[in-house]
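Q: Provided herewith is a single structure, encoded as structure tokens, for subsequent inquiry.
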Amino acid sequence: MLNNDPPPGTRVRFLREVRTAKTNDVAILRGPLRKYDRDNPTDEFEVEFSGIRMTVQRQDIERVR
């Protein structure tokens, strides 16, 4: 699960299949859809994967180290 709100452009990995993305595929974080309050598994973020922007939940992604 993604911790805190990393800056746009951060590389993130999918922890499960989401639309066309498979587990462990890497995407670029575009940003949160709402102002950060505290980590909540259902917080929504916009990511870009294979040229497609999609909305995912915090629990769907993690930061690539």
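Q: Suppose we keep only residues that are of a type in the set (Val, Ile, Thr) and modelled with pLDDT of 95 or more within the stretch 1-21. Which one would you say is farthest from ASP60 (Cα to Cα)?
A: Per the stated criteria, the residue is THR10.
Q: So, one more: Looking at ASP60, ASP39, which is the one that is surrounded by 14 or more Cβ atoms within 10 Å (Cβ to Cβ) and either out of contact with any Gly (no Cβ under 6 Å at 6 or more places or on another chain) or among the acidic types (Asp, Glu) (or both)?
A: Only one candidate qualifies: ASP60.
Q: Separate question: Could you grab me the full set of residues in the stretch 22-50 that are over 19 Å from ARG65 (Cα atoms) and not charged (D, E, K, R)?
A: Across the stretch 22-50, the qualifying residues are PRO32, LEU33, TYR36, ASN40, PRO41, THR42, SER50.
Q: Okay, moving on. Which count do you get for residues in the stretch 44-59 that are in contact (Cβ under 8 Å) with a residue 24 or more places away in the chain and closer than 15 Å to PRO6 by Cα?
A: Matching residues across the stretch 44-59 total 5.
Q: Turning to a different aspect of this structure: Can you tell me which residues in the stretch 22-45 are of a type in the set (Phe, Trp, Tyr) and farther than 10 Å from ILE61 by Cα?
A: TYR36
Q: Could you please find all residues in the stretch 2-21 being under 14 Å from VAL64 (Cβ atoms) and among the hydrophobic types (A, V, I, L, M, F, W, C)?
A: LEU2, VAL12, PHE14, LEU15, ALA21, listed by residue number.
The values are calculated or read from the model by the stated rules, or taken from the named source; none is laboratory data. Given the structure is predicted, the values throughout are model-derived calculations rather than measurements. FYI the Cβ positions are ideal-geometry reconstructions off the backbone, even for glycines, and counts take in every protein chain you see.
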